[in-house]
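A quick write-up on the structure given underneath.
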Amino acid sequence: MQRILHKLLLWHTMERWGRTQHAFQQQFASNTLAHKAIRSDADTRLNTIATLWTREPALHTTLFADKPADSSDIHGYLEQAVYGPYKMIASLTPWLQPTPATPISPELTLLWDDALPNDEVLALGYRALWPVAQQLGASTSTIAPLSSQMVLEPISVLDLDAPLQWLGSLGGMAARWAAEEIEKAGLVVLPGGKSFLSRFRSATQTEADQGQRLLAECWLLARLGPAYYILALQQGLLAKDADWLTTIEPALFHGLGYLNILEPQCILLHETLDRIRPGLNSLFKISDTTPPMGSDDHHLLWKTVEAQIPETQRFTDRHLERAQQLVPALLDNRLIAARPLYPMDAVREKLEGIYQADRGELTTSNRDDVYTVLNQTTELPATPREIITAGWLTTLHQLDDQLAEMFTTAAQPNTPAMTPLNLLSGYRQQQDYLLIKSLETTSVHQVLLSR
């Protein structure tokens with residue numbers, strides 16, 4: 001897929017547009033003069049962005065060009081189609097605040113418990129403290145005095161119903177883990193007497209902070225898998241984060257291979273990023289000539305992370321394989337709360353073989369064989385991490401079709417600028433519903449199996 005990275009960034013910016021529009025409609029729904037004025041201002045800005053996207057043919061042409069992406073189209077395309085609109089949308093979000101009564105999603109707590117299987121007490125503590133933090137402003141500085149543990153990152157009001165964005169809520173715990181590991185770096189010694197962490201004990205504060213952040217990002221990738229790489233890629237580029245581009249992304253991509261969870265879509269994203277990296281260095285004003293980390297450093301880093309996170313808590317190749325099995329169902333707009341124990345095509349072939357041998361009749365001699373095969377249609381519940389991963393993989397699969405349909409709709413005569421974007425928002429809302437419903441359903445399935 002050419003320009004998959006461009007499409008992902010544009011898709012996410014359009015997603016933020018839709019969520020922002022919906023949030024303003026919800027929070028400023030009354031007919032008071034104040035609410036009308038706020039809605040009018042927001043609608044004007046959002047319509048300006050929509051007009052830019054839907055009335056500029058060059059955006060469509062660049063996005064679906066046949067040639068591979070390179071640095072030549074970075075400044076023009078990304079600045080015009082992504083960074084400019086994203087900044088305008090971000091300027092509206094300070095108006096949107098969670099209310100004290102906003103409950104935390106039970107489906108989100110399922111994701112936390114899946115990612116932190118041996119930290120149930122901490123997860124329960126977060127759930128107890130979170131409503132308090134929301135009432136006090138939902139900031140980490142507010143909730144920190146209430147607990148000796150690191151807190152979960154506050155969730156934007158735009159992301160309360162956005163399960164693909166929930167992975168970032170574990171950033172606070174990752175930072176705490178990284179800080180503690182650096183503090184005890186002398187105890188973390190790998191075969192050969194080397195430790196990636198030990199270099200930070202005598203580092204400058206800036207270097208120590210960079211090392212802590214790098215370890216935290218690796219902690220998140222090890223627990224959350226390729227879905228976190230995709231989310232981090234999106235967030236790092238939209239934030240024009242120079243450290244993320246030069247240091248963290250290469251380390252995360254190396255980690256995907258090291259942990260044997262290198263999904264093909266992630267390879268495409270990384271290859272596209274490498275082709276446009278020189279242009280991004282210019283766009284992000286990166287002039288640092290410090291040599292990047294080499295493969296030996298990355299390998300040592302991941303050996304350190306691997307030594308500190310048990311395999312039972314990591315996102316493994318088995319999780320990835322099961323997540324990939326869920327994608328076809330989500331593409332068909334079906335729930336992905338469970339996966340078949342055996343491939344359904346193989347089960348169907350076995351049944352057809354039995355019936356063909358007995359001329360399509362259920363007989364005394366083949367009855368046991370038939371029921372044995374039918375028992376193989378058993379489904380097992382998917383885990384929350386597998387469901388979210390399948391959601392991200394499905395999103396990448398659908399980028400071409402959804403964006404092409406949006407631009408085709410925009411090209412129709414007399415089409416209002418917001419109509420194509422509302423079409424895209426409809427797709428997003430449908431997927432959000434299926435993912436959240438799948439998380440809810442799989443929790444019930446797990447309870448039933450445990451009885």
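The values are calculated or read from the model by the stated rules, or taken from the named source; none is laboratory data. In this text the structure is predicted, and so the values were computed from the model without any measurement. A quick note on method: Cβ atoms are made from the backbone with ideal geometry, for glycine too, and the neighbour counts reach across all protein chains shown.
Taking into account only those residues within the range 216-244 that are surrounded by fewer than 18 Cβ atoms within 10 Å (Cβ to Cβ) and of a type in the set (Asp, Glu), which is modelled with the highest pLDDT?
Top of the filtered list is Asp241.
Is at least one residue of the range 116-128 assigned to a helix (DSSP H, G or I), within 30 Å of Ala382 (Cβ to Cβ) and at pLDDT 60 or above?
no
Table: residues versus (1) assigned to a helix (DSSP H, G or I); (2) more than 30 Å from Glu263 (Cβ to Cβ); (3) within 20 Å of the chain's Cα centre (by Cα).
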| position | (1), (2), (3) |
| --- | --- |
| Ala390 | yes, no, yes |
| Phe407 | yes, no, no |
| Asn414 | no, yes, no |
| Leu424 | yes, no, yes |
| Arg428 | yes, no, yes |
| His445 | yes, no, no |
| Leu448 | yes, yes, no |
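Taking Gly279, is it farther than 22 Å from Leu214 by Cβ and of a type outside the set (Lys, Arg)?
Taking the combined requirement at face value, the residue satisfies it.
Got at least one residue in the range 202-215 being hydrophobic (A, V, I, L, M, F, W, C), within 30 Å of Lys87 (Cβ to Cβ), assigned to a helix (DSSP H, G or I) and at pLDDT 95 or above? Spell out how you get there, then give the answer.
Here is the first cut: in the range 202-215, the ones hydrophobic (A, V, I, L, M, F, W, C) are 203, 208, 214-215.
Those left that are additionally within 30 Å of Lys87 (Cβ to Cβ): 214.
Still in the list and also assigned to a helix (DSSP H, G or I): 214.
With at pLDDT 95 or above added as a condition, the list becomes none.
No: the range 202-215 contains no residue that is hydrophobic (A, V, I, L, M, F, W, C), within 30 Å of Lys87 (Cβ to Cβ), assigned to a helix (DSSP H, G or I) and at pLDDT 95 or above.
Is it true that Thr389 is out of contact with any strand residue (DSSP E or B) (no Cβ under 6 Å at 6 or more places or on another chain) and in contact (Cβ under 8 Å) with a residue 24 or more places away in the chain?
Judged against the criteria, Thr389 is a match.
Could you count how many residues in the range 245-288 are aromatic (Phe, Trp, Tyr) and either in a helix (DSSP H, G or I) or buried (at least 21 other Cβ atoms within 10 Å of the Cβ) (or both)?
Number satisfying all stated conditions: 2.
For the subset of the range 26-73 comprising residues that are touching a His at 6+ places or on another chain (Cβ under 9 Å) and farther than 29 Å from Pro94 by Cβ, which member is modelled with the highest pLDDT?
Among residues in the range 26-73 that are touching a His at 6+ places or on another chain (Cβ under 9 Å) and farther than 29 Å from Pro94 by Cβ, the one modelled with the highest pLDDT is Leu63.
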